[in-house]
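Trainee: Structure provided below as structure tokens; questions to follow.
The values are calculated or read from the model by the stated rules, or taken from the named source; none is laboratory data. Fair warning: this is a prediction, and the values are worked out from it, not measured in the lab. No Cβ is skipped: glycine too gets one built from the backbone with ideal geometry, and neighbour counts run over all protein chains shown.
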Amino acid sequence: MSRIDITLTVNGEPRELKVEPRDQLADVLRGPLMLTGTHVGCEHGVCGACTIEIDGAPARSCIAHAGSCDGATIRTIEGFGDDEIMRALREAFTREHALQCGYCTPGMLVVGRDVVRRLPDADEARVREEMSGNLCRCTGYRGIVRAIVSVIVARRHARREGACR
Ligand code: FES
Ligand code: FES
């Protein structure tokens with residue numbers, strides 16, 4: 001099968017790649033780009049383990065053709081570095097026992113960060129709803145939801161304190 005040339009910006013770095021039209025982005029990230037923090041579970045868009053950001057929005061990399069992402073800006077779990085929300089979420093996941101095997105965790109963190117960023121006033125029910133597309137076979141979700149809600153609440157308090165100064 002003939003290969004096509006694509007250019008991606010991945011975690012801030014321009015990358016030029018040759019891919020087959022059928023290649024999924026998850027496989028390109030994990031294979032040639034060696035970004036194995038993106039996990040692959042169901043491989044058909046159901047579990048959310050492979051969630052990354054494409055052009056700033058969460059997306060399932062197991063059902064995104066790499067060829068159709070030509071020119072896109074990609075951020076994987078490795079690319080969040082010192083992002084303030086991600087740092088708070090990592091700490092909260094540890095504190096709230098929000099992972100066991102960790103297989104779902106990269107996808108949970110990417111989606112959880114997006115929820116915290118987009119919905120600063122979300123309550124527990126809304127967080128549950130927003131996270132319902134990410135599956136975890138270990139923890140039973142309580143710790144995951146608790147962790148995300150705790151970050152939202154802490155940021156809300158910080159906002160209020162800032163407004164009162
Ligand atoms: S591996 Fe992509 S959604 Fe499950
Ligand atoms: S922690 Fe094991 S699948 Fe979620």
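Trainee: Looking at the structure I just gave you, is Ile148 surrounded by 22 or more Cβ atoms within 10 Å (Cβ to Cβ), free of Cβ contacts under 8 Å to residues at least 60 places away in the same chain and more than 17 Å from Thr51 (Cα to Cα)?
Mentor: On the way: surrounded by 22 or more Cβ atoms within 10 Å (Cβ to Cβ): yes; free of Cβ contacts under 8 Å to residues at least 60 places away in the same chain: yes; more than 17 Å from Thr51 (Cα to Cα): no.
In short, no.
Trainee: Just for the range 60-92: of the residues that are of a type in the set (Lys, Arg) and assigned by TED's automatic domain parsing to the domain that holds Cys50, which one is farthest from Ile6 (Cα to Cα)?
Mentor: Looking only at the range 60-92, we keep the residues that are of a type in the set (Lys, Arg), and these are 60, 75, 87, 90.
When the remaining residues are screened for being assigned by TED's automatic domain parsing to the domain that holds Cys50, the result is 60, 75.
Details: Arg60: 19, Arg75: 16 Å.
Out of the qualifying residues, it is Arg60.
Trainee: Counting just the residues of the range 1-44 that are among the hydroxyl-bearing types (Ser, Thr, Tyr) and out of contact with any strand residue (DSSP E or B) (no Cβ under 9 Å at 6 or more places or on another chain), which one comes out surrounded by the fewest Cβ atoms within 10 Å (Cβ to Cβ)? Lay out the reasoning, then the answer.
Mentor: Keep residues of the range 1-44 that are among the hydroxyl-bearing types (Ser, Thr, Tyr), which gives 2, 7, 9, 36, 38.
When the remaining residues are screened for being out of contact with any strand residue (DSSP E or B) (no Cβ under 9 Å at 6 or more places or on another chain), the result is 2, 36.
Numbers: Ser2: 6, Thr36: 14.
If we take residues in the range 1-44 being among the hydroxyl-bearing types (Ser, Thr, Tyr) and out of contact with any strand residue (DSSP E or B) (no Cβ under 9 Å at 6 or more places or on another chain), then Ser2 is surrounded by the fewest Cβ atoms within 10 Å (Cβ to Cβ).
Trainee: On to the next question. Does Ala49 fit the bill of being within 16 Å of ligand 2 (Cβ to nearest atom) and surrounded by 15 or more Cβ atoms within 10 Å (Cβ to Cβ)? Before you say what the answer is, go through the steps one by one.
Mentor: Working: within 16 Å of ligand 2 (Cβ to nearest atom): yes; surrounded by 15 or more Cβ atoms within 10 Å (Cβ to Cβ): yes.
So Ala49 fits the description; yes.
Trainee: In this structure, does Asp121 turn out to be within 22 Å of Leu29 (Cα to Cα), among the acidic types (Asp, Glu) and modelled with pLDDT of 95 or more?
Mentor: Working: within 22 Å of Leu29 (Cα to Cα): no; among the acidic types (Asp, Glu): yes; modelled with pLDDT of 95 or more: yes.
No; evaluated as a whole, the condition is false for this residue.
Trainee: Can you tell me which of Phe80, Phe93 is within 26 Å of Arg15 (Cβ to Cβ) and among the hydrophobic types (A, V, I, L, M, F, W, C)?
Mentor: Numbers: Phe93 fails: within 26 Å of Arg15 (Cβ to Cβ).
Matching residue, one of Phe80, Phe93: Phe80.
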